[in-house]
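Trainee: Just dropping this structure here.
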Amino acid sequence: MMKNKKKRKVTSTSTTPWPLHTTIDSLPDDVVADILLRLPSAAAIYRAVLASEHWIRVASSPTFLRRLRDIHDYPLLLGHLVSPDGHGTTPPCFYPATLHTSDSDGLLAAMVRRGDFFLTRIQVQGSGQHVLEDCRGGLLLLSDAGTLRVFDPMTHRVSSVDQLPRRGGRAPDHRGRRLCLLPNGDDPDAFRVMSLQHGNAKKLARLEVYNSCTRAWRVLTGAGTAKIPARKHMAKIYRGQYAPAMHAGDRIFWKYDAANLLLSLDTQTMTFSNVCLPPGVTRLSAYAVGETEDGTCCLVHVLESGNRQMQVWRFKVGDDHEGNGDQMWELERQVPLILASPSACLSGCQVGAIVGGIVVLCFNNSSLYQPHIAFRLKTLKVETEFTCRGLARPFVIK
């Protein structure tokens, strides 16, 4: 007689049921980040994120980008956005980066094709042409006759910014606004828009800030706001257009027109201060402030006398012994600026922008369309060359 065999009962040790249908979009953000950071190169990472809108949002967060910079090499340059005239009569243009033969270049081309860098979704909205006010953290700030919009060309997301309210009666009591954009924290949907305004008659200048979380404008009050200079003192470059805001870490800088100073806004404390230029750098010098590859603040100065030289100054905190508080510049290096480009032989260059260690030089000539060179600050490797009319802002995936 055969004995009955007892059936073995199988139990699960997991208390959380596994989803019946798991997709790449259902993975948590931290799991997605870990998967992406294990890939062998930045090019492989950005090839992977193109598969999902969710993955693009994870890869666009400041936390992920900081971790990425610690593991992989320098940022990826997709191209440059240019405001041809700054008055809205001509829409912004996009100049893709030059492609060579590397694996990452094929990826850059795919990213440009997927993104809306020609602003087709923006151009169909609003009552007129759009002006590119600022470009920061993969977001664009655009304005038309009566609307501000923040646009992410990679995800195609458009966020409308409420109209800046009029204060002090029918006529606006402050004019000459200069707009800049500041992405806010690790949330890709959060940002701030800052309006630097100049007073009429006896009114003091002020800063007004829009927060996407509260969807409201707020006049900044407190120490430092009275130091905002009059509009006539702000520097003009590129055939009369006002110099844009220069982002560097937690600070934003603007050039003065008649003083060897920079206006600096600390975005952590929202206070203003005047920062002296480094020794040998004047308001007429070819220079700009921006960020190195590791995100620290730097000033790049190009000297034209004799053999062209490039100075790189780092912004430090300490006593500068000049009676200028706690700001100072430290010369990191001075080297001959030798670039493998025919345009580099031209004279009269201006430092247009520094973003993620990418430096843009603009060369003056008799034409409205001026040669531009973008090169890496670390290696002096030329990334791309193009000719355009207006302010060129690098679009960088860090």
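Trainee: Mind giving me the nanometre distance, one decimal, between the label points for Asn211 and Thr120, set 7 Å out from Cα along Cα→Cβ?
Mentor: Between Asn211 and Thr120, the simple spin-label model gives 3.8 nm.
Trainee: Something else: Tell me which residues come under 5 Å, amide H to amide H, from Leu148 once H is placed; ignore anything under 5 positions away on its chain.
Mentor: Amide H neighbours of Leu148, under 5 Å, 5+ apart: Val161.
Trainee: Further, regarding this structure: Label points 7 Å out from Cα along the Cβ direction at Ser52 and Ser159: separation in nm?
Mentor: 2.3 nm
Trainee: If you don't mind, another one. At 7 Å along the Cα-to-beta-carbon direction for both Asp250 and Val335, put a label point, then send me their distance in nm to one decimal.
Mentor: Taking the two extended label points, one gets 3.0 nm.
Values quoted throughout were computed directly from the atomic coordinates according to the rules given, and no laboratory measurement underlies them. Fair warning: this is a prediction, and the values are worked out from it, not measured in the lab. Glycine also receives a Cβ, built like all others from the backbone with ideal geometry; neighbour counts cover every protein chain displayed.
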